[in-house]
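Notes for the one structure printed next.
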Amino acid sequence: MSIPFKAITLADKEAITAYTLNSPFQNCDYSFANMCSWRFLYGSEYAIYDEMLLVRFWIEEKRDRPVYMCPVSRHCLDEAVRLLEEDSLAHGHPLWLLGVTDESRKVLERDYPGGFRYIPDRNYSDYIYLRSDLAGLSGKRYQSKRNHVNRFRNLYDYRYLPITPELVPHCLELEAKWFVANEEKEGAGPLSNERRSLTFALAHSEELGLQGGAICVEGEIIAFSFGAPINANTFGVHVEKADVHYEGAYSVINQEFASHIPAQYTYVNREEDLGIPGLRQAKLSYHPAILLDKYTAIKKPVAEL
């Protein structure tokens with residue numbers, strides 16, 4: 001049978017989060033805000049079938065190769081795998097599940113033992129921290145971070161502000177400056193995609209369920225961050241920008257934002273490093289509680305089973 005996939009829109013938040021917020025999956029791919037704000041690039045679609053959440057998106061140069069997220073199911077995954085494999089084969093490709101974590105791998109192996117081979121990619125591992133660590137910066141290992149924060153506080157009289165519709169244009173002004181400063185180093189293409197996703201997210205923050213905050217110095221926004229829940233105990237930080245001319249700005253927005261995330265979230269997922277050396281070093285310097293490995297799970301042909 002044909003799975004009734006449909007494009008992910010803002011109106012689908014309740015239907016999708018009814019599954020994701022109650023799942024054990026902590027990876028950033030399951031954030032509804034991420035799914036919806038990046039749909040323009042991946043053509044992301046979903047279906048609810050027999051109490052299963054199925055997500056499909058499209059990759060490769062022509063965006064003509066379907067790939068799927070690990071299904072979120074209240075039952076075993078055997079039926080979901082069968083349906084997704086049929087859908088993928090109908091498009092001329094073997095089944096690929098992307099962003100498969102050790103947790104979802106256990107579920108796949110439980111319900112479909114030996115059915116997949118798994119290819120890891122360190123560049124896409126998620127960095128997950130204890131919210132209390134990022135907010136408190138306690139202990140010897142965070143001494144340098146506290147020094148950066150304290151120096152910023154000694155240098156600048158600042159306010160932390162929640163991002164409201166009135167503040168969005170000022171955040172976008174900062175992002176435009178950041179874009180110009182980083183486009184040569186990181187490439188205009190990837191940054192243009194991020195800019196489009198970010199702009200959409202800020203324009204629809206309420207519908208996406210975003211929480212955001214900004215640092216204001218002398219009436220100017222010099223840093224901002226926003227994110228959304230991934231599941232019941234993990235909050236995802238999707239964007240963080242700062243003006244590096246203000247020493248310690250990144251350290252301060254990181255700590256302030258973590259301090260304002262609701263206390264029900266034990267963990268904060270700050271997403272991948274994409275293999276960028278400086279970003280990897282920065283994320284490791286905050287001592288993640290979990291380095292969430294992710295795999296591409298490729299369905300084995302029947303002859304190999």
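The values are calculated or read from the model by the stated rules, or taken from the named source; none is laboratory data. Predicted model only: the values in this text are computed from it and were never measured. Glycine also receives a Cβ, built like all others from the backbone with ideal geometry; neighbour counts cover every protein chain displayed.
When the residues of the stretch 21-53 are narrowed to those that are more than 20 Å from HIS238 (Cβ to Cβ) and of a type in the set (D, E, K, R), which ends up modelled with the highest pLDDT? Out of the qualifying residues, it is GLU45. Listed by first and then second residue, the pairs with beta-carbon distance under 7 Å, at least 6 apart or on different chains, first residue in the stretch 126-144 and under 24 Å from ASP293 (Cβ atoms) and in contact (Cβ under 8 Å) with a residue 24 or more places away in the chain, second surrounded by 22 or more Cβ atoms within 10 Å (Cβ to Cβ) and of a type in the set (Gly, Ala, Ser), are ARG131/ALA258; LEU134/ALA258.
Within the stretch 23-67, the set of residues being among the aromatic types (Phe, Trp, Tyr), in contact (Cβ under 8 Å) with a residue 24 or more places away in the chain and either closer than 22 Å to ASP78 by Cβ or assigned to a helix (DSSP H, G or I) (or both) comprises PHE25, TYR30, PHE32, PHE40, TYR46, TYR49. Filtered by the rule that a residue be more than 20 Å from the chain's Cα centre (by Cα) and either surrounded by 20 or more Cβ atoms within 10 Å (Cβ to Cβ) or within 22 Å of ASN231 (Cβ to Cβ) (or both), the stretch 45-65 gives ALA47, ILE48, TYR49, ASP50, GLU51, MET52.
Just a yes or no: is a residue in the stretch 9-20 at pLDDT below 95 and either over 17 Å from GLU86 (Cβ atoms) or buried (at least 16 other Cβ atoms within 10 Å of the Cβ) (or both)? No, the stretch 9-20 contains no residue that is at pLDDT below 95 and either over 17 Å from GLU86 (Cβ atoms) or buried (at least 16 other Cβ atoms within 10 Å of the Cβ) (or both).
For the stretch 274-305, the set of residues classified as part of a loop (DSSP other than H, G, I, E, B) and modelled with pLDDT of 95 or more consists of SER285, TYR286, HIS287, PRO288, ALA289, ASP293, listed by residue number. LYS283 meets all of the listed conditions (1) closer than 24 Å to THR164 by Cβ; (2) in contact (Cβ under 8 Å) with a residue 60 or more places away in the chain but one, namely (1).
Among the criteria (1) surrounded by 22 or more Cβ atoms within 10 Å (Cβ to Cβ); (2) among the small types (Gly, Ala, Ser); (3) closer than 30 Å to THR17 by Cβ; (4) outside the structural domain of HIS93 (by TED's automatic domain parsing), the one ALA232 does not fulfil is (1). In the stretch 157-184, the residues that are closer than 17 Å to ALA242 by Cβ reach residues that are of a type in the set (Asp, Glu) and surrounded by 14 or more Cβ atoms within 10 Å (Cβ to Cβ) with C-beta atoms within less than 6 angstrom, at least six apart or across chains, in these pairs: TYR160/GLU256.
Please find, within the stretch 117-166, the residue that is surrounded by the most Cβ atoms within 10 Å (Cβ to Cβ) out of those that are small (Gly, Ala, Ser) and part of a helix (DSSP H, G or I). Give the derivation first.
Restricting attention to the stretch 117-166, the residues satisfying the condition of being small (Gly, Ala, Ser) are 125, 132, 135-136, 138-139, 144.
Imposing the further condition that a residue be part of a helix (DSSP H, G or I) reduces the set to 132, 135-136, 144.
Numbers: SER132: 16, ALA135: 19, GLY136: 14, SER144: 12.
Filtering first and then ranking leaves ALA135.
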